Amino acid sequence: MISRGVYRPIIACRVREALVFRANSIMLGAGALVQIFLVNAVWTAAHRSGTFEQPLEPLLIYVTLAGLHAWLLSGSVLPYVQRQVNRGAHIFEILRPSGYLSQIAAHQLGLIAGALLFIVPALPIALLVGSLSLPHTVMSGLLYVVSLTLGLGIHILLCVLVGLSAFWTLQIDGLTLLYRIISQFFAGTFAPLSLFPGWLAAIADLLPFQATTYVPITVYLGEVSGAGALWAVVHQLLWLAALTLAAIAVWRRAQRRVVVQGG
Amino acid sequence: MRTARTAWILERAAIRAQMQYKANFISMTLLGIIYQASAFSFVAIVMYNSGVIGGWVFEEICFLYGLRLLAHSLSILPLSHLWTLDSMVREAEFDRYLLRPMSPFLQFLTSKFQMSAAGDLLVASIILGYAFPRVDIDFSPATVTFLMAGVAGGALVEASIQVAVASLVFRTLNTMSFRIFVDTIFNLTGNYPLTIFSGFVQSFLIAIPISFVAYFPAVVALGKEGELNVPLWVAFLTLPIGLLFSLCAAMTWKSQMRHYQSAGH
């Protein structure tokens, strides 16, 4: 079902797109860096003047990394899916021998790769406006890479699921924005989930969004380590498996509901 | 006078057109509420963990945040479809505005009315409604007038900057990422007391002039003049600056429009 041949050309195309529209990519990065700067300033001021118990430095490193994660995930395949459905062009993607789900996943992966291309050279600037550090231990660093990869996989599957809803509703602009807002919030982008009020943290724990940001970064910082870190990764694997099954099941039903507009 | 009357008739027609899609209006308003609620929840979580920021307590931050959100929603109420200008210029739909006997800007302004600002307005009212009885402000007629002038001036500042940036489309054909960048700066930095930033950043924020949109009026109303790094009279300048920026935006639009090159049909 997953066709390897489709990934490389689509990802290459998206990366080239990010390079060609580099003004756009740079502006996105500038916005992300402003966000990192501001979130750092707010938490620093809160720590200075308020009744803050937690140490400041790990928190600043957390929000800086979280801001970079948000930049990594800022490109979404969903407007593309919406445009294709508007024009009825998604039928061509469905008819291709490489699976529809693979193609959408490849587009999303390509957007992530395109963002990464601009994030890496911007790391010194991120260091300037925020706080960065090396992983807690070499093991933390390796587990971070594993955890982040799984988190990205979860994010891609969630995007695919939201995109598939277009087969029913034809209009997913509102759902796209809603997904973006909720996923960013519950990923712990502006504040680690450990600082959420109890009831909110409990809700966040039940949702898969923390896999992209909170889980990998707490592994990186060594806030969860050893057995705790391994369990976090296993938890992500379980979500990945569940979402893969859900995507396949939804796709089976979606194929019966193809509506091609235009002509 | 006749232009104003015609513009108002067109605007009412645009509003009526939007209200035909009631479900869309409700869902866009709800989406606006959720969006603003999530943005505010960052502030709420910071205050939940800290209690005070830059000497401002939660209720005072709510007051500042609500004031800024009110100015912001008033500025986007007539202009939330500004993002469509990009495609209109690129696909030469702007031609028809040049052929009619009315200012192209007014025609564009009254062509559509997106109700998404209604959600922002609602959230602003809720936050301000929470803050008003809990802050230490004497709501005398003078203070209320000053705050209203501040909100009006703030709305004019934000609207002017958005229009000026959007008018670059006549030259660059794509302003989306730059507009989002400007929007990000305003949305993120305008909600906090200036004192949490370093001196250089403070000067920058005063210059752009996001600090005039809500921070200065809030500082004066709350009696926090002691923390000002500028002379006191500067904090009263929101409305004059708003009017000045509106003038500059109008001039920018007029001068940029001359660069329009129709792509034809």
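The values are calculated or read from the model by the stated rules, or taken from the named source; none is laboratory data. What you see is a predicted model; the values in this text were computed from it and never measured. Note: ideal-geometry Cβ built from the backbone for every residue, glycine included; neighbour counts use all protein chains shown.
Checking each residue in segment B:170-186 for being assigned to a helix (DSSP H, G or I), in contact (Cβ under 8 Å) with a residue 12 or more places away in the chain, at the interface with another protein chain (Cβ under 10 Å from one of its Cβ atoms) and not charged (D, E, K, R) picks out B:176, B:178, B:182, B:185. Here is a check on your reading of the model: is residue A:32 within 18 Å of residue A:160 (Cβ to Cβ) and at pLDDT 90 or above? Against the criterion (within 18 Å of residue A:160 (Cβ to Cβ) and at pLDDT 90 or above), residue A:32 does not qualify. Which count do you get for residues in segment A:236-257 that are modelled with pLDDT of 95 or more and farther than 17 Å from residue A:105 by Cα? Result for segment A:236-257: 3. For segment A:107-114, does any single residue satisfy the condition of being within 14 Å of another protein chain (Cβ to nearest Cβ), crowded, with 20+ Cβ neighbours inside 10 Å, more than 25 Å from residue B:34 (Cβ to Cβ) and modelled with pLDDT of 90 or more? The answer is yes, given that some residue of segment A:107-114 is within 14 Å of another protein chain (Cβ to nearest Cβ), crowded, with 20+ Cβ neighbours inside 10 Å, more than 25 Å from residue B:34 (Cβ to Cβ) and modelled with pLDDT of 90 or more. Looking across segment B:81-131, just one residue is under 18 Å from the mean Cα position of the chain (by Cα), assigned to a loop (DSSP other than H, G, I, E, B) and small (Gly, Ala, Ser), and that is B:116. Just one of the listed residues (A:239, A:251) is part of a helix (DSSP H, G or I) and over 29 Å from residue B:45 (Cα atoms), namely A:251.
Take residue A:189 and decide whether it is part of a helix (DSSP H, G or I), within 14 Å of chain B (Cβ to nearest Cβ) and either of a type in the set (D, E, K, R) or crowded, with 20+ Cβ neighbours inside 10 Å (or both). The answer is no for residue A:189. The residue of segment A:40-59 that is surrounded by the fewest Cβ atoms within 10 Å (Cβ to Cβ), among those that are under 28 Å from residue A:121 (Cβ atoms) and within 8 Å of another protein chain (Cβ to nearest Cβ), is A:44. If you go through segment B:37-57 and keep only what is in contact (Cβ under 8 Å) with a residue 12 or more places away in the chain, within 10 Å of chain A (Cβ to nearest Cβ) and of a type in the set (Phe, Trp, Tyr), you end up with just B:56. Within segment B:22-32, the residues that satisfy the criterion of being surrounded by fewer than 19 Cβ atoms within 10 Å (Cβ to Cβ) and either at the interface with chain A (Cβ under 9 Å from one of its Cβ atoms) or closer than 17 Å to residue A:186 by Cα (or both) are B:24, B:27, B:30, B:31.
The set of residues in segment A:142-186 being under 19 Å from residue B:28 (Cβ atoms), more than 10 Å from chain B (Cβ to nearest Cβ) and without any contact (Cβ under 8 Å) to a residue 60 or more places away in the chain consists of A:165, A:169.
Hey, any hits in segment A:210-228 for a residue that's assigned to a helix (DSSP H, G or I) and surrounded by fewer than 18 Cβ atoms within 10 Å (Cβ to Cβ)? The answer is yes, given that some residue of segment A:210-228 is assigned to a helix (DSSP H, G or I) and surrounded by fewer than 18 Cβ atoms within 10 Å (Cβ to Cβ). The combined condition, being in a helix (DSSP H, G or I), β-branched (Val, Ile, Thr), within 15 Å of residue A:34 (Cβ to Cβ) and touching a residue at least 24 places away in the same chain (Cβ under 8 Å), is not fulfilled by residue B:206.
Counting the residues of segment B:188-198 that are at pLDDT 85 or above and assigned to a helix (DSSP H, G or I) gives 4. Per the conditions (1) in a helix (DSSP H, G or I); (2) in contact with a Gly (Cβ under 9 Å, 6 or more places away or on another chain); (3) away from chain A (no Cβ under 14 Å), the sole criterion not satisfied by residue B:235 is (2).
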